[in-house]
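In what follows, a structure is listed as structure tokens, so that the remarks can point back to it.
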Amino acid sequence: MFGENHAHIFMNAVNYKEAVKCHENGVQEQVIRAHFQAYQEKGITFVRDGGDDLHVSERAREIAGEYGIDYRTPLFAIHKKGHYGKIVGRGFENMKEYAKLVRKVKDLGGDFIKIMTTGIMDFATDGSVTETALEKEEVREMVHIAHEEGLAVMSHTNGAKAVADAVEAGADSIEHGNYVDEDTLKLMAQSSVVWVPTITVVKNLIGCGRFSDVVLNQIWETGSQNIRRGYELGVQMALGSDAGAYLVPHGQGLLDELACFQEILGEEKDLFFRLSEGEKLIREKFKKRY
């Protein structure tokens, strides 16, 4: 079975605010165990988390082995204050503060660094990416600092230019990567980056009534076309569902993501091999090297 390459163990796939409330006065271990059991039941033995600022993934790392799960986590994601990312981590105002947070991850035994360089898709209106992306040189310095500390970089990034900037900066994986274009896909194909599209987040929303299906179907079609083209160009990809996000359950989310890839790419005979190779790269890159 494939591994889950993008999850949030603290989220519950139902209500983000309730998930936070559950842990804000102390980590609720039974919730973590229920999520790990869901992975165990699906035969999933590898989970790469996206972090949180509630110490949930920190505790999850300590008990994952009881479920036969190889669990990797950045402990918390890092975002620039005033920009998207507070929901999963800690903020910085300058590079000195950023470097301090990177060292904090290292001191706590985190497996890698997760950075937030853009906002998310605006499901409620037109599907565009919310807010302005970080500057290219800033992203480059963020990746450089993490690499200097021996830590791989997981980059939450959307939008063609922002993805290109993260790839050129040396990010080890691109998470989501919505609205990439031909030039960016070619750049990704020529690099060693692994793309984790998390497309099931969109697919699972269609028909739920929370957002416009017109907007969701547009995002799905664009994302499908980009995955198809990326596959043709040889972009290295891996399965990650953003498990814990709304309507993306732990365990089942990964199966949904695989179903999306199969729907998009049809009967590509080497699909499983290609996805396995992408995951292999993630397992090799996103582990402690210090």
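Just for region 107-125: of the residues that are under 16 Å from the mean Cα position of the chain (by Cα) and charged (D, E, K, R), which one is farthest from residue 151 (Cα to Cα)?
114
Could you say whether any residue in region 2-9 is farther than 19 Å from residue 279 by Cβ and either in contact (Cβ under 8 Å) with a residue 24 or more places away in the chain or among the aromatic types (Phe, Trp, Tyr) (or both)?
No - not one qualifying residue is present in region 2-9.
Output the helices (runs of 4 or more DSSP H) that fall wholly within region 183-290 and possess 1 or more residues being polar (S, T, N, Q) and touching an Asp or Glu at 6+ places or on another chain (Cβ under 7 Å), or say none. Walk me through it before giving the result.
Working: elements: 200-203, 213-233, 252-265, 271-285.
Where helices (runs of 4 or more DSSP H) fall fully within region 183-290 and carry at least 1 residues being polar (S, T, N, Q) and touching an Asp or Glu at 6+ places or on another chain (Cβ under 7 Å), they are 200-203.
Evaluate the following for residue 177: is it in contact with a strand residue (DSSP E or B) (Cβ under 8 Å, 6 or more places away or on another chain), under 30 Å from residue 12 (Cβ atoms) and touching a residue at least 60 places away in the same chain (Cβ under 8 Å)? Steps first, answer last, please.
Working: in contact with a strand residue (DSSP E or B) (Cβ under 8 Å, 6 or more places away or on another chain): yes; under 30 Å from residue 12 (Cβ atoms): yes; touching a residue at least 60 places away in the same chain (Cβ under 8 Å): no.
Spelling it out, it is not the case that residue 177 is in contact with a strand residue (DSSP E or B) (Cβ under 8 Å, 6 or more places away or on another chain), under 30 Å from residue 12 (Cβ atoms) and touching a residue at least 60 places away in the same chain (Cβ under 8 Å).
Residues of region 172-223 being of a type in the set (A, V, I, L, M, F, W, C), within 20 Å of the chain's Cα centre (by Cα) and farther than 26 Å from residue 150 by Cβ, which ones?
Passing the criteria: 180, 185, 189, 199, 201, 202, 205, 216, 219, 220.
Select from region 218-235 the residues that are touching a residue at least 40 places away in the same chain (Cβ under 8 Å), polar (S, T, N, Q) and surrounded by fewer than 22 Cβ atoms within 10 Å (Cβ to Cβ) and write down the one among them that is nearest to residue 71 (Cα to Cα).
224
Is at least one residue of region 138-161 surrounded by 15 or more Cβ atoms within 10 Å (Cβ to Cβ), among the hydrophobic types (A, V, I, L, M, F, W, C) and over 23 Å from residue 238 (Cα atoms)?
yes
Every read-out reported here was derived from the displayed coordinates using simple, explicitly stated rules and does not represent laboratory data. What you see is a predicted model, and the numbers here were worked out from it, not measured in a lab. Note that each Cβ is placed from the backbone with ideal geometry, even for glycine, and that neighbours are counted across all protein chains shown.
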